[in-house]
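Some notes on the structure that comes next.
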Amino acid sequence: MEALPSLHDPLSGVVVVLLADFLRQHQGWGWLRLVAGATPYKDVTGLTMVKVMGSGHGGGFSLRPSATHQGLVCTFTHLDLALKFLDSPAVHAYRSRARECWSGVMAVQSARGNWDKQAWQASSPQALGQPSEAAWQDACRAPGPFAVLTRASIVPTKAMAFWRYAPAAQADLDQTPGCLLAMGLGEAPLVRQCTFSLWQDTASMVHYAHKGAHQVASAAAYKHQFFSESLFVRMQVLQMSGVWKGQPYRYPCLSEAATSGGVNRLSQIDVCSPEVSHV
């Protein structure tokens with residue numbers, strides 16, 4: 001396994017997110033994943049970070065934990081290694097035990113903040129197998145879905161104040177037009193929270209971020225300094241597949257689109273075109 005980056009160096013590469021809603025008979029297996037944490041993945045080639053996280057009730061952002069929902073967030077040095085991981089026995093083990101499972105590979109477009117004192121930075125053309133910055137920028141111009149990852153370490157003494165704002169913001173997120181998928185995740189109950197969301201377009205995301213309950217929650221977090229650390233990452237979706245809350249998802253990998261007639265083909269793909277579920 002490659003050496004993990006220094007905490008003084010921004011984390012770069014590509015991001016893999018896997019969401020699972022386990023079948024009832026496999027809940028115990030899921031809980032063991034949380035207990036094991038990063039240990040089962042220590043020899044995965046190209047892996048630079050892995051977080052195994054639980055979720056709130058129904059996969060939401062809630063004080064009540066879910067017995068079946070779980071998420072995996074990983075970063076890899078290169079796109080090819082991320083795709084290889086998604087076809088590995090470790091990921092197939094999740095899919096075979098899940099009622100529903102969604103996975104995606106993403107390139108970081110922008111990031112601010114830190115996760116465990118580690119900054120993130122935009123994915124490089126080299127990490128994506130692109131010959132130049134110009135080729136990567138051309139690919140970025142193709143329309144398509146993007147994802148947002150937010151996480152925060154909540155100051156323990158301010159956790160209850162923070163959670164007074166969370167349910168309303170989550171309800172708004174679930175109902176926002178243009179939000180294709182959203183899930184609340186957590187590394188630790190109450191104080192280490194993460195949200196992953198998938199968006200049709202930037203306007204929808206901006207409208208949610210600056211209106212209603214989320215804007216009120218953000219203003220309160222800033223005013224009262226709820227967080228000791230936070231991170232916001234915007235990512236371009238390169239590939240996704242699976243089923244979540246009854247909705248099938250499929251989107252091609254950047255390299256697949258390029259070999260099928262160029263990056264312009266991305267604009268012709270239905271973001272939520274039906275596919276056979278991995279479950």
Worksheet item: Tell me, what HN-Hα J-couplings in whole Hz come from the Karplus equation 6.51 cos²θ - 1.76 cosθ + 1.60 at θ = phi - 60° for each residue of the range 164-180, using x for Gly and Pro?
Response: 5, 9, 5, x, 5, 5, 5, 4, 5, 4, 4, 9, 6, x, x, 8, 7
Item to complete: Give me the lysines in straight-line cross-link reach of K223: C-alpha distance below 25 Å, same-chain residues under 8 apart excluded.
Response: K117, K158, K211
Worksheet entry | Sequence-separation-based contact order of the range 161-252, relative, with Cα cut under 8 Å and 6+ spacing, percent | 23 percent
Worksheet item: Roughly what would the spin-label model give for H92 and Q27, points 7 Å off Cα along C-beta, in nm?
Response: 2.8 nm
Discussion item. Give me, ordered by chain and number, the residues 5 or more places off A119 or on other chains with an amide H under 5 Å from its own placed amide H.
Written reply: L11
Worksheet item: Residues with amide H under 5 Å of L185's amide H, sequence separation 5 or more or different chain, H placed in the peptide plane at 1.01 Å from N; which?
Response: C194, T195, F196
Discussion item. Which lysines, if any, have their Cα less than 27 Å from the Cα of K84, not counting same-chain residues under 8 positions apart?
Written reply: K42, K51, K245
Worksheet item: From the phi of every residue in the range 27-36, what ³J(HN,Hα) in whole Hz does the Karplus formula 6.51 cos²θ - 1.76 cosθ + 1.60 yield, where θ is phi - 60° and glycine or proline is x?
Response: 4, x, 4, x, 4, 5, 5, 5, 5, 6
Item to complete: Would you kindly derive the ³J(HN,Hα) couplings of the range 77-90 from the backbone phi angles with the Karplus curve 6.51 cos²θ - 1.76 cosθ + 1.60 (θ = phi - 60°), listing them in order in whole Hz, with x for Gly and Pro?
Response: 6, 8, 4, 4, 6, 5, 5, 5, 4, 5, 9, 8, x, 4
Worksheet entry | Pairwise Cα inverse-distance average, inverted: Kirkwood Rh of the range 131-251 (Å) | 15.8 Å
Worksheet item: Each label point is 7 Å from the Cα along the Cα-to-Cβ direction; what then is the distance between the points at F232 and T39, in nm?
Response: 3.7 nm
Worksheet item: Which FRET efficiency value, to the nearest 0.05, is calculated for S132 and S110 with the Förster distance at 22 angstrom and r the Cβ-Cβ distance?
Response: 0.65
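Every number here is computed from the coordinates shown, using simple stated rules; none is lab data. Keep in mind that this is a model prediction, so the values were computed, not measured. We place every Cβ from the backbone using ideal geometry, glycine too, and count neighbours over all the protein chains shown.
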